[in-house]
Each structure stands twice: as structure tokens, then as C-alpha cells.
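Enquirer: Sharing a structure with you now.
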Amino acid sequence: MFTIPLSTRVGHRFALILAATAVVFSTPLAAYAQDKSVSGPLVLYSSQPERDLKETLAAFNAQYPNVKVETFRSGTTEVISRLRTEIAAGAPRPDLLLIADAVSMETLKLEGRLLRMRNIDTSAIPAAFFDAQRTYIGTKLITTGIVYNTQSKFKPTSWADLQSPELKGQVVMPSPLYSGAAAITVSTWSASPDLGWKFIEALKANNAVAVRGNGAVLQQVASGEKMVGVLVDFMALNAKAKGSPVEFVIPKEGLTFVTEPVAILNTAKNIPAAEAFVNFLVSSKGQQFSTQLGYLPLAKNVAPPKGYPAGSSYRFMKVVPGDIVKTGDEEKKRFGQVFGG
């Protein structure tokens with residue numbers, strides 16, 4: 001397990017678990033109409049799970065057979081570290097980045113490392129899920145909401161419910177000191193006028209506990225050790241599908257989320273192929289393909305994977321990567337002071 005700043009590892013960490021548990025329904029590659037006008041080498045650095053990346057590239061190459069993709073795949077921390085080493089040497093290699101979360105991308109954007117994409121069709125993607133300047137665009141969703149044990153007498157429907165006296169000592173959450181998704185959740189809570197640090201401090205006063213990761217949250221709630229938890233969606237939904245006595249709740253205030261964004265570096269050598277790759281990921285076909293890997297799509301016209309809530313039921317809190325870049329470290333420090341650890 002990595003202990004790293006803010007949320008650089010979230011998509012890699014949680015998608016690795018998803019890759020091991022999701023059921024994949026293969027799309028016939030012949031379904032993709034070929035476009036041979038785009039060609040040449042393309043270098044992609046990614047934190048996607050190996051299986052997901054391999055299958056995504058196969059689907060992309062079925063549509064663009066003349067693009068030869070070279071990849072470097074690792075955790076987001078190592079991907080960014082390698083990129084920074086190359087930048088310092090004056091020789092950044094990747095055309096594209098496909099990594100965990102928008103906070104990492106926002107840092108690169110502020111440094112002027114990302115290309116403003118002008119030939120990408122984002123008409124089906126809600127504006128909340130990509131940078132207004134289009135320097136990075138989300139490709140899929142991993143959300144964080146509430147999970148509860150079906151034996152719980154109190155069934156929460158909102159984040160605010162977690163401070164209820166009926167749940168005293170019964171709430172568990174992943175610590176933002178270890179979980180990237182939790183870091184984003186805590187930063188989003190703290191910025192909410194309806195929640196803020198008053199809510200976070202009330203959780204501690206209600207004897208909520210913070211554990212090292214999402215896996216520990218699921219284990220405690222599924223076993224009945226705790227009745228309610230803060231958890232990423234796919235863990236709860238996969239566990240429920242396998243018979244665990246858990247339910248996943250979309251809080252009334254909304255879910256927090258990461259979008260596993262893609263970006264083109266401003267030093268890219270094959271921009272047409274890079275744009276083709278981004279367009280593939282955000283297209284209806286690309287979004288449908290992501291659901292077959294078990295991810296929640298961003299596109300409004302693509303249905304969620306089987307077993308997920310209906311798309312119309314989703315509500316989202318306002319997640320502002322630029323603000324989290326500025327405040328995330330201080331918020332983690334404050335959380336540690338409140339909860340300990």
C-alpha cells in the first residue's frame with residue numbers, strides 16, 4: 001500500500017481490486033469500424049490495471065489499427081515520478097496520460113504541462129467531469145457513498161445522518177491519510193456549506209473510526225462489526241452481488257468521485273493519434289466498453305453496469321480539483337489531528 005499525498009493513487013488502488021472482481025463481457029472487436037487515416041507511434045503512460053489497459057488498447061486498435069501504442073504502466077505516483085524525471089532531463093516521452101484522478105492532472109495543468117484539447121467531442125459528458133479548458137477529461141467514475149449492513153436498525157440516507165446518535169460508535173470510514181478517495185471525500189465535505197469541518201468533527205464526537213483503507217471498511221460493515229461505512233461504489237455493489245448483507249446509498253447531498261482522466265501533454269509528438277485515443281475513450285463505444293470492465297460511465301447516454309443504481313438516481317457533490325490541490329495537505333493534517341493517526 002502506498003502512503004502518498006492527496007489522491008494520486010486512488011484510481012490505481014481501487015481499480016486493481018475491481019479488475020480482480022468484475023465480470024467482463026467481451027465486445028467483439030469487429031464491432032469497431034476501422035479508421036486507417038490515423039497512424040504512427042503513440043506513447044501512453046497509465047495507472048490503469050494491466051488487464052483493463054490491455055483490453056482498452058485492443059479495442060482502440062480495432063478501430064485504429066495503424067497506431068502503434070507503447071505503454072508504461074504503474075501506480076499513479078510512479079507514473080508521475082517518471083514523467084517528472086523525464087521533464088527534468090528535457091525529454092518527456094509520453095504523448096498521453098491516463099491516470100487516477102483530476103487532482104494530479106490539475107497540478108500538471110497549473111505547471112503548463114498539458115495541451116488544451118480542441119478536437120474532442122465531450123457533448124455526452126457532463127461539464128463537471130472535465131476541465132473547463134479541456135486540458136484533461138474524465139473517462140469513467142468511481143464514486144464514494146454510504147454502505148450499511150442490512151441488519152442495521154438505522155438506515156442512513158444522507159451524509160448528515162452519519163452523526164446521528166443512533167449510529168454512535170457504528171460508523172467506519174477510510175482515512176484520507178492512506179486512501180486517495182477518502183482524501184477527496186474529506187476535502188469535498190470540508191468545502192460544503194452544509195457539512196464542513198463541523199460535520200467531520202461531529203463524526204469523531206459520534207465515535208466514528210477511520211481505518212487504513214476501503215477494504216477494511218467493507219470487511220467491518222459486511223461482518224456486522226460496524227453497521228455503516230463510507231465506501232467506494234464498486235466494492236459495496238460487488239459485495240452485495242456476491243451475497244454480502246450490504247446496501248449502497250447515494251447520499252442526499254451527493255456522492256464524491258474520481259474520474260480517471262486522460263490528458264495530452266503539450267510535448268506530444270503524435271497529436272492526431274492522441275486525440276483519436278481520447279475521443280475513443282469518451283465516445284459512446286468507449287463508454288460502453290468501460291461498463292463492460294465494471295466502471296460507471298460518464299456519458300449520459302450510456303447505462304451503468306448491471307447491478308448499479310439507475311443513472312437518473314445519481315447525485316454528485318461539487319468536487320473542485322484546483323481547490324483540493326491548494327488545501328488537501330492541510331485538510332489531511334487537520335483530519336489527523338481530529339481523528340488521530
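Enquirer: Which residue fluctuates the most in the chain, going by a Gaussian network model with Cα springs under 10 Å, if the choices are SER175, SER104, SER158?
Expert: SER158
Enquirer: Counting Lys and Arg as +1 and Asp and Glu as -1, each charge on the Cβ, what is the dipole of the chain about the Cα centre in debye, to the nearest 20?
Expert: Computed charge dipole of the chain: roughly 180 debye.
Enquirer: Under the Karplus relation 6.51 cos²θ - 1.76 cosθ + 1.60, θ = phi - 60°, what is the ordered set of whole-Hz ³J(HN,Hα) values for segment 324-339, x standing for Gly and Pro?
Expert: In residue order, the calculated couplings are 5, 4, 7, 10, x, 5, 5, 5, 5, 4, 5, 4, x, 5, 6, 9 Hz.
Enquirer: Please give every one of the lysines within straight-line cross-link reach of LYS198, meaning a C-alpha to C-alpha distance under 25 Å, and leave out same-chain neighbours fewer than 8 residues apart.
Expert: Filter leaves LYS155, LYS168, LYS226, LYS252, LYS318, LYS326, LYS332, LYS333.
Enquirer: When only Cα pairs under 8 Å and 6 or more residues apart are kept, what is the percent relative contact order across segment 192-264?
Expert: It comes to 18 percent, rounded to a whole number.
Enquirer: Beta carbons within 10 angstrom, averaged per residue: use that to sort the peptides 65-71, 94-100, highest first.
Expert: Top to bottom by mean Cβ count within 10 Å: 94-100, 65-71.
Enquirer: Loop only by DSSP, 16 or fewer other Cβ within 10 Å of the Cβ. Give me the trypsin sites (Lys or Arg not before Pro) in segment 74-138 that pass, ordered by residue number.
Expert: Passing sites in segment 74-138 are ARG116, ARG118.
Enquirer: What is the spin-label model distance, in nm, from GLN337 to ALA33 if the labels are put 7 Å beyond Cα along the C-beta direction?
Expert: Each label point is offset 7 Å from its Cα along the Cβ direction, giving 5.9 nm.
Enquirer: Lysines within cross-link reach of LYS54: Cα-Cα under 29 Å, excluding same-chain residues under 8 positions apart?
Expert: Those lysines meeting the cut-off are LYS36, LYS68, LYS109, LYS140, LYS240, LYS242, LYS269, LYS285, LYS300, LYS306.
Enquirer: To continue, here is another question. Can you tell me the Rg and Dmax of the chain, counting just the alpha carbons, in angstroms?
Expert: 19.8, 63
Enquirer: Okay, moving on. Give me the extension gain from LYS204 to GLU86: residue separation times 0.36 nm, minus the current Cα-Cα distance, reported in nm with one decimal.
Expert: Full extension from LYS204 to GLU86 adds 38.1 nm.
Enquirer: OK, next. Full-extension gain between ARG93 and ALA310, please, as 0.36 nm times their residue separation minus the C-alpha to C-alpha distance.
Expert: Result: 74.0 nm gained on full extension.
Enquirer: Suppose a student asked you for the relative contact order of the chain, using Cα pairs under 8 Å spaced at least 6 residues apart; what percent would you report?
Expert: 26 percent
Enquirer: What is the gain in length, in nm to one decimal, between ALA303 and ASP329 on full extension, counting 0.36 nm per residue of separation less the C-alpha to C-alpha distance?
Expert: Gain on stretching ALA303 to ASP329: 5.8 nm.
Enquirer: Rounded to the nearest 500 deg cm²/dmol, what is the calculated helix-only ellipticity per residue at 222 nm for the chain, with -39500 (n - 2.57) per DSSP H run of length n ≥ 4?
Expert: -11500 deg cm²/dmol
Enquirer: Report, in debye and to the nearest 20, how large the dipole of segment 118-167 comes out about its Cα centre when Lys and Arg carry +1 and Asp and Glu carry -1 on their Cβ.
Expert: 120 debye
We did not get these values from a lab; they are worked out from the coordinates using the rules stated. Note that the structure is a prediction, hence the values are computed from the model and not measured. Backbone-built Cβ (ideal geometry, glycine too); neighbour counts: all protein chains shown.
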